[in-house]
Amino acid sequence: MREWIEGLSVFLRGTLGEKIKYCFDVYDLNGDRYISREEIIPMLKNSLIRQPTEEDPDEGLKDLVEITLKKMDQDHDGRISFEDFEKAVREENLLLEAFGTCLPDMTSIEAFDQNVFQKQLEQ
(Lines give C-alpha, C1' and ligand atoms only; values in the text may rest on other atoms or scores of the structure.)
Protein backbone atom coordinates (compact mmCIF):
# COMPACT_ATOMS: atom_id res chain seq x y z
CA MET A 1 0.00 0.00 0.00
CA ARG A 2 2.81 2.42 0.91
CA GLU A 3 4.57 1.85 -2.43
CA TRP A 4 1.31 2.50 -4.33
CA ILE A 5 0.69 5.74 -2.41
CA GLU A 6 4.25 6.95 -3.00
CA GLY A 7 3.89 6.18 -6.72
CA LEU A 8 0.57 8.00 -6.87
CA SER A 9 2.13 10.98 -5.12
CA VAL A 10 4.87 11.24 -7.79
CA PHE A 11 2.30 10.67 -10.53
CA LEU A 12 0.04 13.49 -9.29
CA ARG A 13 2.29 15.96 -7.45
CA GLY A 14 5.88 14.97 -8.10
CA THR A 15 8.69 17.36 -8.77
CA LEU A 16 9.94 17.80 -12.31
CA GLY A 17 12.88 15.52 -11.49
CA GLU A 18 10.56 12.77 -10.21
CA LYS A 19 8.34 13.11 -13.29
CA ILE A 20 11.37 12.93 -15.59
CA LYS A 21 12.46 9.68 -13.91
CA TYR A 22 8.93 8.25 -14.08
CA CYS A 23 8.44 9.10 -17.77
CA PHE A 24 11.90 7.80 -18.70
CA ASP A 25 11.13 4.50 -16.97
CA VAL A 26 7.82 4.26 -18.86
CA TYR A 27 9.51 4.91 -22.22
CA ASP A 28 12.43 2.54 -21.57
CA LEU A 29 10.39 -0.40 -22.82
CA ASN A 30 13.02 -3.10 -22.37
CA GLY A 31 14.45 -1.76 -19.09
CA ASP A 32 18.04 -1.43 -20.33
CA ARG A 33 18.34 2.20 -19.11
CA TYR A 34 18.29 3.59 -22.68
CA ILE A 35 15.54 4.58 -25.09
CA SER A 36 16.67 3.16 -28.41
CA ARG A 37 15.50 3.84 -31.96
CA GLU A 38 13.71 0.47 -31.85
CA GLU A 39 11.76 1.59 -28.75
CA ILE A 40 10.95 5.02 -30.18
CA ILE A 41 9.40 3.75 -33.44
CA PRO A 42 6.33 2.02 -31.94
CA MET A 43 5.75 4.87 -29.49
CA LEU A 44 5.74 7.51 -32.24
CA LYS A 45 3.98 5.39 -34.87
CA ASN A 46 0.50 6.36 -33.67
CA SER A 47 1.35 10.06 -33.53
CA LEU A 48 1.41 10.47 -37.31
CA ILE A 49 -1.64 10.79 -39.54
CA ARG A 50 -1.15 8.75 -42.66
CA GLN A 51 -2.26 10.20 -45.94
CA PRO A 52 -3.75 7.72 -48.45
CA THR A 53 -1.58 9.19 -51.22
CA GLU A 54 1.72 8.59 -49.40
CA GLU A 55 3.99 6.17 -51.27
CA ASP A 56 6.04 5.24 -48.20
CA PRO A 57 4.09 6.05 -45.02
CA ASP A 58 6.99 4.89 -42.84
CA GLU A 59 9.27 7.58 -44.29
CA GLY A 60 7.60 10.27 -42.13
CA LEU A 61 8.03 8.05 -39.08
CA LYS A 62 11.72 7.54 -39.82
CA ASP A 63 12.15 11.30 -40.19
CA LEU A 64 10.36 11.94 -36.89
CA VAL A 65 12.55 9.39 -35.08
CA GLU A 66 15.70 11.00 -36.51
CA ILE A 67 14.54 14.49 -35.50
CA THR A 68 13.75 13.22 -32.00
CA LEU A 69 17.14 11.56 -31.62
CA LYS A 70 18.89 14.66 -32.93
CA LYS A 71 17.08 16.77 -30.31
CA MET A 72 17.36 14.42 -27.32
CA ASP A 73 20.50 12.31 -27.85
CA GLN A 74 22.92 14.70 -26.16
CA ASP A 75 26.01 12.46 -26.41
CA HIS A 76 25.25 11.33 -30.01
CA ASP A 77 25.52 7.60 -29.32
CA GLY A 78 22.30 6.72 -31.19
CA ARG A 79 20.19 6.18 -28.08
CA ILE A 80 18.74 8.28 -25.27
CA SER A 81 20.17 7.69 -21.81
CA PHE A 82 18.49 9.00 -18.68
CA GLU A 83 21.02 11.83 -18.60
CA ASP A 84 20.21 12.74 -22.25
CA PHE A 85 16.47 12.64 -21.51
CA GLU A 86 16.77 14.70 -18.34
CA LYS A 87 18.90 17.40 -20.00
CA ALA A 88 16.57 17.65 -23.01
CA VAL A 89 13.45 17.89 -20.81
CA ARG A 90 15.00 20.49 -18.52
CA GLU A 91 15.85 22.58 -21.60
CA GLU A 92 12.37 22.08 -23.10
CA ASN A 93 9.66 20.84 -20.70
CA LEU A 94 7.34 19.83 -23.55
CA LEU A 95 9.68 16.91 -24.28
CA LEU A 96 8.67 15.25 -20.99
CA GLU A 97 5.95 13.32 -22.77
CA ALA A 98 7.58 13.27 -26.22
CA PHE A 99 6.80 9.59 -26.79
CA GLY A 100 3.22 9.62 -25.53
CA THR A 101 1.11 10.66 -22.60
CA CYS A 102 2.07 9.02 -19.32
CA LEU A 103 1.07 11.69 -16.79
CA PRO A 104 -2.44 12.99 -16.04
CA ASP A 105 -3.41 16.49 -17.12
CA MET A 106 -4.18 19.20 -14.54
CA THR A 107 -7.96 18.83 -14.99
CA SER A 108 -7.76 15.14 -14.11
CA ILE A 109 -5.50 15.84 -11.12
CA GLU A 110 -7.89 18.49 -9.78
CA ALA A 111 -10.91 16.20 -10.28
CA PHE A 112 -9.11 13.39 -8.44
CA ASP A 113 -8.15 15.74 -5.57
CA GLN A 114 -11.71 17.05 -5.24
CA ASN A 115 -13.14 13.54 -5.27
CA VAL A 116 -10.69 12.19 -2.66
CA PHE A 117 -10.86 15.20 -0.34
CA GLN A 118 -14.64 15.46 -0.63
CA LYS A 119 -14.98 11.83 0.47
CA GLN A 120 -12.60 12.47 3.40
CA LEU A 121 -14.66 15.45 4.53
CA GLU A 122 -17.87 13.41 4.38
CA GLN A 123 -16.44 10.72 6.65
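The values are calculated or read from the model by the stated rules, or taken from the named source; none is laboratory data. Since this is a predicted model, take the numbers as computed values, not measurements. Because the Cβ atoms are built from the backbone with ideal geometry, glycine has one as well, and the counts that use them run over all protein chains shown. Only protein heavy atoms, including side chains, enter the accessible area calculation; ligands, DNA and RNA are left aside. Shrake-Rupley method; radii C 1.70, N 1.55, O 1.52, S 1.80 Å.
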Considering only residues that are aromatic (Phe, Trp, Tyr), open to solvent by less than 60 Å² (accessible area, probe 1.4 Å) and at pLDDT below 95, which ones fall in region 64-123? Phe99
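When the residues of region 78-95 are filtered to those that are among the aliphatic types (A, V, I, L, M), within 21 Å of Asp32 (Cβ to Cβ) and not in a strand (DSSP E or B), which remaining residue is nearest to the chain's Cα centre (by Cα)? Explain how you work it out, then say what you get.
Here is the first cut: in region 78-95, the ones among the aliphatic types (A, V, I, L, M) are 80, 88-89, 94-95.
After this cut, where a residue has to be within 21 Å of Asp32 (Cβ to Cβ) as well, the list is 80, 88-89, 95.
From the residues that got through so far, the ones that are not in a strand (DSSP E or B) too are 88-89, 95.
Values: Ala88: 12, Val89: 10, Leu95: 8 Å.
The selected residue is Leu95.
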Of the numbered conditions (1) among the aliphatic types (A, V, I, L, M); (2) at pLDDT 90 or above; (3) more than 29 Å from Gly7 (Cβ to Cβ), Val26 satisfies every one except a single condition; which is it? (3)
Can you name every residue in region 29-41 that is in contact (Cβ under 8 Å) with a residue 12 or more places away in the chain and either surrounded by 17 or more Cβ atoms within 10 Å (Cβ to Cβ) or assigned to a helix (DSSP H, G or I) (or both)? Tyr34, Ile35, Arg37, Glu39, Ile40, Ile41
Condition test on Val10, is it within 30 Å of Glu110 (Cβ to Cβ) and either at pLDDT 90 or above or more than 15 Å from the chain's Cα centre (by Cα) (or both)? no
